[in-house]
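Taking it in order: structure first as structure tokens, then the write-up.
The values are calculated or read from the model by the stated rules, or taken from the named source; none is laboratory data. Just so it is clear, the model here is predicted, and its values are computed rather than measured. Glycine also receives a Cβ, built like all others from the backbone with ideal geometry; neighbour counts cover every protein chain displayed.
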Amino acid sequence: MENRGEMIELLTGVQSSRRTYYAELKKTVNELQKKNIQLEIINDVMKGFNIEMTMDDMLKNVMEKLKTIFPLERISIALGNDKELTLSNVYPQHLFHMMLGLPLPKEESLYWHVFHSGKPYVFITNSTQNERVWVEEESFRKLGLVSIFLFPLTIKGTVTGILTLGSKEMMGDCAADLAFFQQLSDQLAVCIENTRLYNEVLKTKKQWEETFLSVSDAIFIADLHGSILQANEAAKKYFPKEEKQKHLNVEHLLFKQAIASFKKALSMSETSGGELHFAEKTCEWYSFPILDTSNELHATIFYIKDVTAKRKMEAQLVHSGKLAAIGEMAAGVAHELNNPLTAIMGNAQLLLRKQHFDDKLLEGIYECGKRSKNIIRNLLTFSRQEEFFFEKFSVNEAILLALSLVGNQIQKQAIDIETKLDESLPLIEGSCQQIGQIILNLLLNAKDALEDCGRSNKKIVIQTSIEKINGADAIAVMVQDNGSGIKEAVLTEIFHPFFTTKNAATGTGLGLSVSLGIAEAHGGTLKADSVFGKGSTFKLILPV
């Protein structure tokens, strides 16, 4: 009776059923654990595949999880197109059958077969059931791989690569496992494509930003309130050097005279522009509206270009054209006047030989004719632009050349000219005619300033001397007047091309800009100092 329970279990098979139940339960639990791990792998692929993680790191993470449920030893990715297929990544990295980055051979290639067919393939090395010999078989054998699973990486019906899984054991082609591997390859294909697109966008963005920042002209973007959203390096020089660059506004621009125009451009849905002067520079600016998807004004791009050199060149060309016209006119005048002047001077000399006429009157006629010929010769010399050669000359000589042309004209305006020329000045290398042109322009400007001042004791002082500039000797030519002077607000603007304080009939705004250009071409400069209502002083500095 003690073994009655055991006898009943043996006769009814209860114990056997219990064992079967536990075996099935354990098998079900294992399957569920396997499914959970598979879901974790898929989930990790989707979450972990980002720009910060490399492909090698991703394959390592996937492989470490796969090894917990499959006897796998190797995972690899091959990427390419119809022309070229390349083994790009392998984990572990020592298990590769050819150098990474090299194109895979096309002839009798298992990789290419899967790539073109678009279907998964299970390959068993040394199997008599293999339908053909593949070029990769020997490599797989050397790596010790027995079972190899190849799955196409497909995006929108297009194969972009191959996922390969390798094992050193014989693995069956379980339909559930193959389905999971295919799902894994599909997720990897999506992640690889997303990463490629992200990198492409990132590369384009980086290229645009590098281009934006490297443009030598100033570019900045402002919202409708004038706040600066983005600015390149060239634009920063037009704003004060503040620590908090993020809070800059168009109101902080250093050229205050243009702020009103800039603010107006922020409300315009069309391109606008203008010209401004800043720190002895001439700039052109343009605004370009940025519209959103609703065609509403969203922001504005401002573009500022320094055209100082261009304006100076334009001024030089205009001035050269005028001088060329003067030269042609002077040549014609000289030809027409030289003949009658020669007759006048010749007849005066003949009459001087006779005693019937007043010698003083004849001598006056002769001297006036001689002076007229000198003026014509100096005018021709001054306007002969094509003969500007650099050679050694005296600055005092250039001053006397300019005085011979306009000195008499200035004195007729009741203006005294005082010259203080240093006779010990050394010769310098340059163009006497061009330096004379600067002096002539300064003298004419001084004359115009004295005509407008209403002063009784009008005076122009021309002085030359030797000065030390940056430790080196330089010749300084000073032209000073006690005329009307220049307002401080426009003193920094007078050297800009086409800027003038005179009316349209008497001034073009070219004289001082051209004079500065000539001075700089000689390695020197031209400076101005003025007190409104008291007079101006211009100083030409030329290196010895």
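Observations
- Any hit, region 109-117, residues being farther than 30 Å from Asn43 by Cβ and in a loop (DSSP other than H, G, I, E, B): yes
- Within region 54-81, the set of residues being part of a loop (DSSP other than H, G, I, E, B) and either outside the structural domain of Ile162 (by TED's automatic domain parsing) or touching a strand residue (DSSP E or B) at 6+ places or on another chain (Cβ under 9 Å) (or both) comprises Thr54, Phe70, Pro71, Leu72, Glu73, Asn81.
- In region 49-79, the residue that is modelled with the highest pLDDT out of those that are in contact with a helix residue (DSSP H, G or I) (Cβ under 9 Å, 6 or more places away or on another chain) and basic (Lys, Arg) is Arg74.
- Filtering region 447-464 to residues that are assigned to a helix (DSSP H, G or I), in contact with a strand residue (DSSP E or B) (Cβ under 9 Å, 6 or more places away or on another chain) and not hydrophobic (A, V, I, L, M, F, W, C) leaves Lys447, Glu451.
- The listed residue being in the same structural domain as Ala521 (by TED's automatic domain parsing), in contact with a strand residue (DSSP E or B) (Cβ under 7 Å, 6 or more places away or on another chain) and of a type in the set (Asp, Glu), out of Glu467, Glu488, Glu423: Glu467
- Qualifying residues in region 105-127 (those that are over 49 Å from the mean Cα position of the chain (by Cα) and closer than 13 Å to Leu85 by Cβ) - the one surrounded by the most Cβ atoms within 10 Å (Cβ to Cβ): Leu110
- When region 128-137 is limited to residues that are loosely packed, with under 12 Cβ neighbours inside 10 Å and free of Cβ contacts under 8 Å to residues at least 12 places away in the same chain, the one that is farthest from Glu169 (Cα to Cα) turns out to be Glu131.
- Residue list for region 398-438, restricted to those being in a helix (DSSP H, G or I) and surrounded by fewer than 15 Cβ atoms within 10 Å (Cβ to Cβ): Asn408, Gln409, Gln411
- Region 450-476 - residue that is under 40 Å from the mean Cα position of the chain (by Cα) and surrounded by 12 or more Cβ atoms within 10 Å (Cβ to Cβ) and, of those, modelled with the lowest pLDDT: Ile469
- In region 157-167, the condition of being over 24 Å from Met55 (Cβ atoms) and modelled with pLDDT of 80 or more is met by no residue.
- Across region 225-240, not a single residue is classified as out of contact with any Leu (no Cβ under 9 Å at 6 or more places or on another chain), at pLDDT below 90 and exposed (fewer than 13 other Cβ atoms within 10 Å of the Cβ).
- Number of the condition not met by Glu108 [criteria: (1) touching a strand residue (DSSP E or B) at 6+ places or on another chain (Cβ under 7 Å); (2) at positive phi]: (1)
- The lone criterion from (1) touching a Pro at 6+ places or on another chain (Cβ under 9 Å); (2) under 19 Å from Gln182 (Cβ atoms) left unmet by Val122 is number (1).
- Number of the exception - Asn249 against (1) in contact with a strand residue (DSSP E or B) (Cβ under 8 Å, 6 or more places away or on another chain); (2) closer than 30 Å to Met313 by Cβ; (3) at pLDDT 85 or above: (2)
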